[in-house]
1. So, with +1 on the Cβ of K and R and -1 on the Cβ of D and E, and no other charges, what is the size of the charge dipole of the chain about its Cα centre, to the nearest 20 debye?
2. So for the chain: antiparallel DSSP bridges make up what percent, rounded to the nearest 5?
3. What lysines sit close enough to residue 221 to cross-link, taking a C-alpha to C-alpha distance under 22 Å and skipping anything fewer than 8 places away on the same chain?
4. Summarise the accessible area of the chain (1.4 Å probe, protein heavy atoms) by the percent that is carbon and sulfur.
5. Counting heavy atoms of the protein chains only and a 1.4 Å probe, report the per residue accessible area for segment 43-190 as a whole number of Å².
6. Suppose every Lys and Arg Cβ carries +1 and every Asp and Glu Cβ carries -1, with no other charges. What dipole size does segment 80-214 come out with about its Cα centre, to the nearest 20 debye?
7. Between residue 52 and residue 129, what is 0.36 nm times their sequence separation minus the Cα-Cα distance? Round to one decimal in nm.
8. If I stretch the segment between residue 137 and residue 221 completely, what's the gain in nm (0.36 nm per residue apart, minus their alpha carbon distance), one decimal?
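The values are calculated or read from the model by the stated rules, or taken from the named source; none is laboratory data. Predicted model, so just to flag it, every value in this text is computed and none were measured. Glycine gets a Cβ as well: all are built from the backbone with ideal geometry, and neighbour counts include every protein chain shown. Heavy atoms of the whole protein, side chains included, go into the accessibility calculation; ligands, DNA and RNA do not. Shrake-Rupley method; radii C 1.70, N 1.55, O 1.52, S 1.80 Å.
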Amino acid sequence: MIDLVNVRKSFGDLEVLKDINIHINDGEIYGIIGQSGAGKSTLLRCINGLESYDSGSIIVDDKPVTRNKKELRELRKDMGMIFQNFNLLSRLDVYENVALPMKFWGIDPKTPESKAKIENLLNLVGLKDKMHARPSELSGGQMQRVAIARALINDPKVLLCDEATSALDPRITKEILALLQKVHDELGITIVVVTHQMEVVKQLCERVAFLKHGVVLAEGKPEELFVHPSDDIKKFLG
Ligand code: ADP
Ligand code: MG
């Protein structure tokens, strides 16, 4: 469960999040959609503590997202994240990229259990045959698959996706969304998807919040939200 209550956040004079209230259920695929600059990435970064917030509260799995470094470290272990530009390390191969967070948590990636885990994840994302390829030898879709495997390596309860398909063409986008659905179904994790792409929330999300200038203007099932759209959503849809 992810609970945001009256969350506010400013950068200097710019109020980026204005009284955000969002409740995400365990095992849900929840979308946050809006135009560039709406505050989506900031909201996501507040959820995993990469960014602090000014007031209100954020609770993830009964634990408050605080500014206490030790508590944050523990909390982050439960949250994997993927990005638009994949953020792989080019000097490491696929296997080593997926193993990287293990090192951060003091887990030896060379033990038989670690190896089995990494191979299972590479299987899940369909990249077992690319285990020793470098990122430069992969397509964008393949790189995002590596990033997804890496985000899952510590068995997170939550996967946060920030514009994960925005750099990919429509066909590859569909494949990655299908993979996220599979990850959700097989691992039972909660997924929060931040995007400006309508097709992403339509294909993947059970519920979606429409964010504009740091305000949640509407929330509901994608089909509800977009069948009788408000003027703001109509404008967003173009
Ligand atoms: P989105 O992801 O919806 O495009 P962001 O959360 O990235 O929106 O940004 C929301 C607003 O906050 C934008 O106006 C952006 O310029 C501003 N912003 C984001 N990060 C910072 C920062 N670190 N310092 C100052 N302003 C920021
Ligand atoms: Mg963003």
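1. The calculation lands at about 620 debye.
2. Percent antiparallel among DSSP bridges in the chain is about 50.
3. 40, 174, 182, 202, 212, 234, 235
4. Result for the chain: 49 percent of the exposed heavy-atom area is carbon or sulfur.
5. Computed with neighbouring chains in place, this is 49 Å² per residue.
6. Value, rounded to 20: 100 debye.
7. Here the answer is 23.7 nm.
8. Here the segment from residue 137 to residue 221 would lengthen by 26.4 nm.
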